[in-house]
Amino acid sequence: MAWNYASYMNSIAAAGKAEYPLPTFVNAWIVQPEDTRPGNYPSGGPQAQNHDIWRAAAPHIDILSPDIYLNDFPQQLALYTRAGNPVFVPESRSGQNGAANAAYAIGAMGAIGYSPFGFERNCDDDTNATFRDFYHKAGCIAGQILSAQAEGRIGAAWLKGDNPMKVKDEIILGDVRIQCELVSSGMRNGGAPQLTGGTYDPEAIGYVVAIRQEEGFLFLGSNVRVTFLPADGKGYVGLAKVTEGVFDQQGQWKEGRWLNGDEIQLRYDLLYAVDEGFSGQGLNFGRPEPAFLKVELFRY
């Protein structure tokens, strides 16, 4: 079935490209948890397990794309990033969930695009404000994202309070290990106040995109806290300069406040933090609106 579907679609794509030589993708209905065998879902399509067949039978198809509505977005997307397949998500969620998905696809998987289903019909809904804001901000740095993808200077974290629960993640860029944690609250180590660890809202969703720049890092994130470790495990990483800001439509950085003191101090139990390799300082992204932060680091 997969061979015949792919062969038929290949003939259509070839005829279309003869008129307009545009990249062509196919949209896969992925296997759902309740699907126990072929026939429970539209089998024979470009699902991950059929990629080799589709590659052989449909050379005029450029991208084998998934539409993803399952909760484990990173795991599902990883199935469609192998064997040189370009990453494009033509159908998925919007809202805060969709913003996290898009951030991860673009920052961690090198995606060339992410399209929420039916967004043109409900883009003005309040529930999609956070997604609109993410796309607006990401669009302002599209050039930086593309060059960082090509040069391996970008990463992303995807965080969720429940189903699946993933409250911590990390990004390694150069000599820095970037630790990402879903926003939480709690007390630990004898009741010392701090802003990491503790209780996580099961409904919370967070994300961050990190781009390494010549003078430091640029972050775009929401509902996440970021700390830094040396990738080689030697010494500590401190924050030399942290600034808020925005980019205009031409991609020019407009610097805002310089942050310091309590605005970058995530832990006050410094003796414990140092024992764990942390300086105690970090970045704090609120929710749901995503924000830019620029940071310059130093080693000691």
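The values are calculated or read from the model by the stated rules, or taken from the named source; none is laboratory data. Computed from a prediction, not measured in an experiment: that's the story for all the values here. Note that we place each Cβ from the backbone using ideal geometry, even for glycine, and neighbour counts take in every protein chain shown. These area figures cover heavy atoms from the full protein model, side chains too; ligands, DNA and RNA do not enter into them. Shrake-Rupley method; radii C 1.70, N 1.55, O 1.52, S 1.80 Å.
Extending 7 Å from the Cα toward the beta-carbon at both Q249 and N40 defines two label points whose distance is 5.0 nm. Over the Cα atoms of segment 121-171, the radius of gyration divided by the Kirkwood radius equals 1.08; this is the Rg/Rh ratio. Calculated accessible area for segment 4-84 comes out at 55 Å² per residue, all protein chains present (probe 1.4 Å; ligands, DNA, RNA ignored). In straight-distance terms, cross-link reach from K166 covers every one of the aspartates and glutamates whose alpha-carbon lies under 14 Å from its own, apart from those fewer than eight places away in the same chain; here that gives D72, E181, D201, E203.
Can you list the equivalent-ellipsoid semi-axes of segment 204-300, largest first and in whole Å, using the square root of 5 times each Cα gyration tensor eigenvalue? Please list the in-between numbers first.
Values: eigenvalues 112, 48, 30 Å².
The equivalent ellipsoid of segment 204-300 has semi-axes of 24, 15, 12 Å.
Given +1 at the Cβ of Lys and Arg, -1 at the Cβ of Asp and Glu and no other charges, the dipole of the chain around its Cα centre is 440 debye to the nearest 20.
Considering every pair of different Cα atoms, what Kirkwood radius, in Å, is found for segment 70-197? Mind dumping the intermediate values first?
Values: mean 1/r = 0.0618 Å⁻¹.
Kirkwood hydrodynamic radius for segment 70-197: 16.2 Å.
Springs between alpha-carbon atoms under 10 Å, Gaussian network over the chain: tell me which of G113, G16, G155 tops the mean-square fluctuations. So, out of G113, G16, G155, the one fluctuating most is G16.
With q set to 0.14, 0.19 Å⁻¹, the log10 of I(q)/I(0) for segment 49-106, from the Debye formula over equal scatterers at the Cα positions, is -0.40, -0.68.
For F247, the residues whose amide H sits under 5 Å from its own are K254, ignoring neighbours fewer than 5 places away on the same chain, with H placed 1.01 Å from N. Using a Gaussian network model of the chain whose springs link C-alpha atoms within less than 10 Å, name the residue from G221, G39, G280 with the highest mean-square fluctuation. Largest GNM mean-square fluctuation: G39.
In order along segment 202-212, the phi-based Karplus estimate (6.51 cos²θ - 1.76 cosθ + 1.60, θ = phi - 60°) of 3J(HN,Hα) comes to x, 8, 6, 9, x, 7, 8, 10, 10, 10, 7 Hz; Gly and Pro are listed as x. For segment 1-156, the square roots a ≥ b ≥ c of the C-alpha gyration tensor eigenvalues yield an a/c of 1.5 or more together with a/b exceeding b/c, which makes the shape prolate. If the elastic network links every pair of Cα atoms under 10 Å, which of R55, R177, R82 fluctuates the most in the Gaussian network model of the chain? Residue with maximal mean-square fluctuation among R55, R177, R82: R82. Expressed per residue, the C-alpha convex hull volume of the chain stands at 158 Å³.
Distance cut-off 28 Å, Cα to Cα: go down the list K137/K234; K168/K241; K234/K254; K160/K254; K160/K234; K168/K254 and report the pairs above it.
The answer is K137/K234; K234/K254; K160/K254; K160/K234; K168/K254.
When a 1.4 Å probe is rolled over the protein heavy atoms, the share of accessible surface on segment 98-247 that falls to carbon and sulfur comes to 51 percent.
A run of the chain free of exposed loop cleavage sites, with GluC sites (Glu not before Pro) counted only in DSSP states other than H, G, I, E and B and at most 14 other beta carbons within 10 Å, reaches its longest extent at 35-202.
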